Amino acid sequence: MMGADRERTLWWISFISLPALVVLAFSLSAWRSFQEYQRRNEIEIVGNAGDRIYAGALWQVEAARLLGDGKDMPLRLPGERRLVILRLSATAVKDIGEDWSQCQISLVDGEGRRWLPLDVTLSNNVSRELDPKATPINGCGIASLTPLSKGENTLIEEKFLVPAPVAGRLSARISFAASRPAALSIPLRLGAR
């Protein structure tokens, strides 16, 4: 009889504590999901400041070209598309180390729509088509594999295919895993053609 009472008491304790354990499990899962969301997404946008120091480097737009309308070269893209070639320079203000892992560069318009760069192979093919004698410049993902020491400089070039109507309203957004959810935003001066 004593064993049955004890078993019944343990069953009721387990039954009563079950909702609290379920809430705790969901809370832990939600917290992990929120942390993963912050790690992957750019929530806090910094930029438009004169110094543009982010992730241990000073960032500058070296060149931003808009191609595809046939005016400056015989490249005509179908469907009101334009090719944006963005070249950035980064000068390390400290030793970078692992701070540049999982580099992301995208273009964002005023409404928050985002365009990702062309893949490495296609980007290099476009570079060779535009200038067969030039060596293609690495994109962010490849450039970030060689960490910079303080004072070193690197060039990064990405190419994007965007709709022509938004080409004049774009800004570049740069982020790294170690710096997210913060990201650097740099407005571009592309003339919509």
So which trypsin sites (Lys or Arg not before Pro) in region 116-189 pass both tests, a DSSP loop state and at most 12 other Cβ atoms within 10 Å of the Cβ?
Lys133, Lys150, Arg189
Give me a comma-separated list of calculated 3J(HN,Hα) values for region 145-162, in order, Karplus coefficients 6.51, -1.76, 1.60 applied at θ = phi - 60°, integers in Hz, x for any Gly or Pro.
6, 10, x, 8, 9, 3, x, 6, 10, 9, 9, 10, 10, 10, 10, 10, 9, 10
Can you give the translational diffusion coefficient of the chain in µm²/s, computed by Stokes-Einstein from the Kirkwood radius over Cα pairs at 25 °C and 0.890 mPa s?
125
About the Cα centre, charge dipole magnitude for the chain (Lys/Arg +1, Asp/Glu -1 at Cβ), debye
400
For the chain, whose charge dipole is built from +1 on Lys and Arg Cβ atoms and -1 on Asp and Glu Cβ atoms, the candidate among Leu161, Leu122, Asn138 with its Cα farthest towards the positive end is Leu161
Gaussian network model of the chain, Cα springs within a sub-10 Å range: biggest mean-square fluctuation belongs to which of Ser175, Ser89, Ser27?
Ser27
On the Cα set of region 84-193, report Rg and Dmax in Å, please.
14.4, 41
Amide proton proximity set for Arg82, modelled H, under 5 Å, gap of 5+
Val162, Ala164
Segments 138-146, 17-25 sorted - mean Cβ within 10 Å per residue, highest first:
138-146, 17-25
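Quick note: the coordinates plus some simple rules give every number you see, no bench work behind them. Remember, predicted model here, so these are calculated numbers, not experimental data. Note that each Cβ is placed from the backbone with ideal geometry, even for glycine, and that neighbours are counted across all protein chains shown.
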